[in-house]
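Read through the structure below, which is laid out as structure tokens, and then see the notes.
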Amino acid sequence: MTQAGLLAQYAANRDAEAFAQIVTQNQRLVFATCQRKLRNPDDVDDAVQETFLRLVQKAANLHTNLGGWLHACAVNVAIDINRRRESRSRHESASGRVSSSPSDPPQVLAELREHLDAALEKLDPDGRELIIQRFFVGRTQAELAAESDVSPSTLSGRMDRAIAGLREKLRTMGCGAVGLAALLEAEHASASVAPALTANLMKIGLGGVTGGAVLTNTALILVLGLAASIAVVAGAWLLLFPNTSPLAATAPAAPPPLASTAPAADPLNAADIYLRAAALIKVDCPAASNDLYPDYPPFGNAWETREQQAWDQNRPARDLARQAAVVDTFAWPVSGRSQYLNPFRALANDLGDAALYEHEQGHDAEAVDSVRDILHMADLLDANEKKALVCNLVGEGCTALAVNRLMIIFSNVALVADDQQTDALPMASAKKLIASLLVQTDADTRMGRILKLELAPGSGVAAIQKPSINRATETFRRANAERTLAAMSLASHLLYFEKKRWPNSAEELASMLPGGLPKDPWGDGSQTFGYVLIKGGLPDGSDRPLVYDRYNLADGMFFRVDQPEYSFYNGDGSKLPPAQQKHGGQFWDVASWVPAATVPGAPTTRPLP
């Protein structure tokens, strides 16, 4: 019977056996979600039971995907429990979230786990439910295909598209997603639920049965047949380091609690300043929350309300981060990357959303400076020689977030010739930013340097698989391309400021860039990054300037017409599985615009003229 059928059967007559099967199929999903979100591991069992209790209370009124509802409910329960513990210091809570216990996966997994739930919530409902059922509930693709009445190949295509969407959501949140597939496989196996907890969950279902009903033989077997085990999953670790054992690695020690009067940050150590800035964050910004917001302006009232709170209460964190932006020396914590990667992501998210808020308030110079703070922090991560590959990937995640914010700001940027002006972005500052965005290290050269550090004697790493090297190198290549496209966008606005029109051609745009247009890494060797001006291409009839490269070019060059794009995207915007979607390069909008009302059946793409 399907999960929908089991839920309906339980809702109709409080069928204990139906509820037992729901628990059996979904308890690992709920347990793993609570385990990821809760700061105190002692709260996990209580949170799991509270989630299933809410299911019992809401069962009769649920008309949605059960897996997606349970996941969202578990996240909300965990958030409620964390809030009830806010009397403890923020630093103690943070250390509780990232510290390792014998049953935790290796920290290389934890860095993705930290943001997995928020990224899942940003997916479309069908994609989210597919990932939940396959990887968290543990159902096979053949089973899901049969239930959906589609072929296995069609289901596989939908799964690929959902995973690609999740990877992109993680990336735009400042989290590298190398090893995501292994992490998803690991999450179900690592959520070991004790038989005592399972029995308590079954009893929750019995609460609504009249007449003192007892478990049927089938339900009892389901309870007693679940053996207790603790699984330490090394999938994602071995994906990068196949000849090492995560069990042999020493778990990073939690940082000592900060006293209420913590000493000042070391003014000569940017890493220390950033860490202390992250510890001052009091309110989650929109990017760090589980709520859904548009990818482009206008972001809506809910976004404005949350960011206003973050803006007001996190100002000390941003002020301290600004101090680090002028410090180029750094020394990393000696006891493990978990002490700085998670806080750095949190700080990058807060600075990125603060930049958008500053832009909305008409303070573009300050908005750009906030993004510069993220880029400086990413550069320090890239320069870390202790954990070169992991830190570089996280650094590129921060860079992707920063460039996305820049593209949104640039799309409607206010420029000014006066260098002393404090609101609009001065022309001189814009030109310096363009030059800095174009200072890049070749992706292959960079990977060669990283491998030299990772595989050095005493590093503890014997080998890194070639597919992982290729994926990471492509990530670096994309990050360089993002910086180039952002520089081209701002250069287009400089020309518009001077001549009151967009560049007419790529050649004219090239004259605004130091060194001209760079070579497109996905071109034929002679092709450069591109620019095109689509006459009357926007809903209001004005011209639409686009910058582009040839990444993932398979079906000719085409651009999206259903919505603006300010970051990397996959496919043609249709709802087809990835294998059936078309791929035609990457086109990013230079100007700001809002789509007109969607017309059913209207095309989502247009060929490059």
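The values are calculated or read from the model by the stated rules, or taken from the named source; none is laboratory data. Here the structure is a predicted model, which means the values were calculated and not measured. Cβ atoms come from the backbone with ideal geometry, glycine included; neighbour counts cover every protein chain shown.
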Listing of helices (runs of 4 or more DSSP H) fully contained in segment 105-210 that carry 3 or more residues being out of contact with any Cys (no Cβ under 7 Å at 6 or more places or on another chain), crowded, with 19+ Cβ neighbours inside 10 Å and modelled with pLDDT under 75: 107-121, 180-190
Any residue in segment 55-80 that is at positive phi and small (Gly, Ala, Ser) sitting within a Cβ distance under 7 Å of a residue that is surrounded by fewer than 20 Cβ atoms within 10 Å (Cβ to Cβ) and part of a helix (DSSP H, G or I)? List the pairs, counting only those 6 or more apart or interchain. none
Quick one: which residue in Asp350, Asp423 is among the acidic types (Asp, Glu) and out of contact with any His (no Cβ under 9 Å at 6 or more places or on another chain)? Asp350
Applying the selection to segment 353-391, what residues are within 16 Å of the chain's Cα centre (by Cα) and closer than 22 Å to Phe330 by Cβ? Ile374, Ala378, Val390, Cys391
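Taking the condition among the aromatic types (Phe, Trp, Tyr), at pLDDT 95 or above and surrounded by 19 or more Cβ atoms within 10 Å (Cβ to Cβ), does Phe587 pass?
When the stated conditions are applied, Phe587 passes them.
Per-residue answers, yes or no, for (1) surrounded by fewer than 24 Cβ atoms within 10 Å (Cβ to Cβ); (2) at pLDDT 95 or above:
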| residue | (1), (2) |
| --- | --- |
| Asn392 | no, no |
| Thr399 | no, no |
| Leu406 | no, yes |
| Leu433 | yes, yes |
| Asp442 | yes, no |
State yes or no: is Val594 surrounded by fewer than 17 Cβ atoms within 10 Å (Cβ to Cβ), farther than 22 Å from Leu494 by Cα and of a type in the set (Val, Ile, Thr)? yes
Would you confirm whether or not segment 566-584 contains a residue that is in contact with a Gly (Cβ under 9 Å, 6 or more places away or on another chain), crowded, with 21+ Cβ neighbours inside 10 Å and closer than 23 Å to Lys519 by Cα? yes
How many residues are in contact (Cβ under 8 Å) with a residue 60 or more places away in the chain, part of a loop (DSSP other than H, G, I, E, B) and either of a type outside the set (Phe, Trp, Tyr) or over 26 Å from Ala596 (Cα atoms) (or both) if we restrict to segment 548-568? 3
Which condition does Ile281 not pass, out of (1) more than 30 Å from Asn200 (Cβ to Cβ); (2) modelled with pLDDT under 50; (3) β-branched (Val, Ile, Thr), if it passes all the others? (2)
Output for Cβ contacts, cut-off 7 Å, separation at least six or different chains, first residue under 10 Å from Asp423 (Cα atoms) in segment 354-365, second in a helix (DSSP H, G or I), reads Glu358/Glu366; Glu358/Ala367; Glu358/Ser370; His359/Ala367; His359/Ile409; Asp364/Ile409; Ala365/Ser429
Are there any pairs with C-beta distances below 7 angstrom linking a residue in segment 286-307 that is touching a residue at least 60 places away in the same chain (Cβ under 8 Å) and closer than 11 Å to Asp353 by Cβ to a residue that is surrounded by 17 or more Cβ atoms within 10 Å (Cβ to Cβ) and polar (S, T, N, Q), with the two at least 6 apart or on different chains, and if so which? Ala287/Asn349; Ala288/Asn349
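Condition check ((1) buried (at least 19 other Cβ atoms within 10 Å of the Cβ); (2) more than 30 Å from Ser153 (Cα to Cα); (3) in contact with an Asp or Glu (Cβ under 7 Å, 6 or more places away or on another chain)) across all residues:
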{"residue": "Arg478", "(1), (2), (3)": "yes, no, no"}
{"residue": "Thr484", "(1), (2), (3)": "yes, yes, no"}
{"residue": "Ser505", "(1), (2), (3)": "no, yes, no"}
{"residue": "Leu517", "(1), (2), (3)": "yes, yes, no"}
{"residue": "Ile534", "(1), (2), (3)": "no, yes, yes"}
{"residue": "Leu546", "(1), (2), (3)": "yes, yes, yes"}
{"residue": "Asp549", "(1), (2), (3)": "yes, yes, yes"}
{"residue": "Gly556", "(1), (2), (3)": "no, no, no"}
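Out of all the residues in segment 298-310, which are of a type outside the set (Asp, Glu) and surrounded by fewer than 19 Cβ atoms within 10 Å (Cβ to Cβ)?
Pro298, Gly300, Asn301, Ala302, Thr305, Gln308, Gln309
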Looking at Ala12, Ala72, can you tell me which residue is of a type in the set (Gly, Ala, Ser) and either out of contact with any Asp or Glu (no Cβ under 8 Å at 6 or more places or on another chain) or not assigned by TED's automatic domain parsing to the domain that holds Pro125 (or both)? Ala12
